[in-house]
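Worksheet: the structure to be examined is printed underneath.
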Amino acid sequence: MTTASMQRQFRTEYGAHRAAEGRAMDRESLLQMPYLTTGPFARQWAIRACTFDAFVRRVMTPMAQEVGRPLRLLDLGAGNGWLSWRASLAGHHAVAVDLRDDTVDGLGAGQVYLDHLLAPFGRIVGSFESVPLAHDSVDVVVFNASLHYALDLGAALREAHRMTRAGGRIVILDSPFYVRDADGERMLAEKRRDAPVRFGDRAEALMALPFIEYLTRERLNTASMSLGLAWRRHRVRYPLWYELRRPIARLRGMRPPSRFDVWEAVVA
């Protein structure tokens, strides 16, 4: 089976899996994102909201002040487009890219956002490793909880670099970072072991593609070396239960958990 056919199968099966998890949201919940405070995924979104707020405070707002105009923002792995929605509300120009266009939590679900904007953001169905936008055409490229789904980390970063103007930013949000590759590999082994229980009959399709799955600073630096990118981590202050995961794991002799945070690089 070719990579393209595996991607098509993944897109279909992942949408069905997300639907089975209850990821589809009503209109009011979509308009609240990422600040959901109720429902089965409220705790997850509390983390995502912290990351987004840090991105706005540390990257988006200072950049807008620096250039003195609305930003051109590319939202890669956009899901339903909630980040593009928030950027558009702030007056910026966004384009959302995602492999899925279903109405569960793919781009199709984002029609709610477009109905509430005078200047709707753009939507492109496709891979963030090949985006039909011009060179140097955006100010900020955001990998929105998505870079760990890259099949080729170097290719994904090269494409982001190609589209970002000099002085612009490439930003990584909500992808799992580990201190050591060994910890990331242990996580991946656990995921493979638990896939039949977690995904049921969809396990084979959902585990077939060789996603990179996780990042380390060394992995990121190695993949970025030819692009001249120097990465800066903005540490995010997450809820106490999140921050306590690492010391608790150490006390219990468990694998160290990942962290998210905001990672930023300036394009020369």
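The values are calculated or read from the model by the stated rules, or taken from the named source; none is laboratory data. A quick note: this is a predicted structure, and the numbers were derived from the prediction, not measured. Positions of Cβ are generated from backbone atoms using ideal geometry, with glycine treated the same way; all protein chains shown enter the neighbour counts. Surface accessibility is based on the protein's heavy atoms, side chains included, excluding ligands, DNA and RNA. Shrake-Rupley method; radii C 1.70, N 1.55, O 1.52, S 1.80 Å.
Averaged per residue, what accessible area in Å² does the chain show with a 1.4 Å probe, protein chains only? Before the final figure, lay out the partial values.
On the way: 12870 Å² over 268 residues.
With all protein chains present, the chain gives 48 Å² per residue.
Between ALA42 and ALA19, what length comes free when the chain is fully extended (0.36 nm per residue of separation minus the Cα-Cα distance, one decimal in nm)? Walk me through the numbers on the way to the answer.
Values: separation 23, 0.36 × 23 = 8.28 nm, distance 1.65 nm.
This chain segment gains 6.6 nm when fully extended.
Taking the Cα centre of the chain as the origin, how large is its charge dipole in debye, to the nearest 20, when only Lys and Arg (+1) and Asp and Glu (-1) carry charge on their Cβ atoms?
In total the dipole reaches around 880 debye.
Rounded, prolate or oblate: which fits region 63-136, taking a ≥ b ≥ c as square roots of the Cα gyration tensor eigenvalues, rounded meaning a/c under 1.5, else prolate when a/b beats b/c?
Oblate.
I'd like the chymotrypsin sites (Phe, Trp or Tyr not before Pro) in region 36-121 restricted to DSSP loop residues with at most 16 other Cβ atoms within 10 Å, sorted by number.
Sparse-neighbourhood loop chymotrypsin sites (Phe, Trp or Tyr not before Pro): PHE41.
Nearest 500 deg cm²/dmol is fine: what mean residue ellipticity at 222 nm does the chain get from its DSSP H runs of n ≥ 4 alone, each adding -39,500 (n - 2.57), divided by its residue count?
On the way: 12 runs with 112 residues, N = 268.
After summing the helix terms and dividing by the residues of the chain, the value is -12000 deg cm²/dmol.
With contacts defined as alpha carbon pairs under 8 Å and 6 or more residues apart, what's the relative contact order of the chain in percent?
Worked out over the chain, it gives 19 percent.
Just check region 154-268 against the gyration tensor rule for me: Cα atoms, a ≥ b ≥ c as the square roots of the eigenvalues, rounded for a/c under 1.5, and otherwise prolate or oblate depending on whether a/b exceeds b/c. Before the final figure, lay out the partial values.
Working: a/c = 2.33, a/b = 1.38, b/c = 1.68.
Oblate shape, in that a/c is at least 1.5 and b/c is the bigger or equal ratio.
Taking square-rooted eigenvalues a ≥ b ≥ c of the alpha carbon gyration tensor, is the chain rounded, prolate or oblate, where a/c under 1.5 means rounded and, failing that, a/b exceeding b/c means prolate?
rounded
What full-extension length gain, to one decimal in nm, is calculated for ALA155 and ARG57 as 0.36 nm per residue of separation minus the Cα-Cα distance?
Details: separation 98, 0.36 × 98 = 35.28 nm, distance 2.86 nm.
Answer, rounded to one decimal: 32.4 nm.
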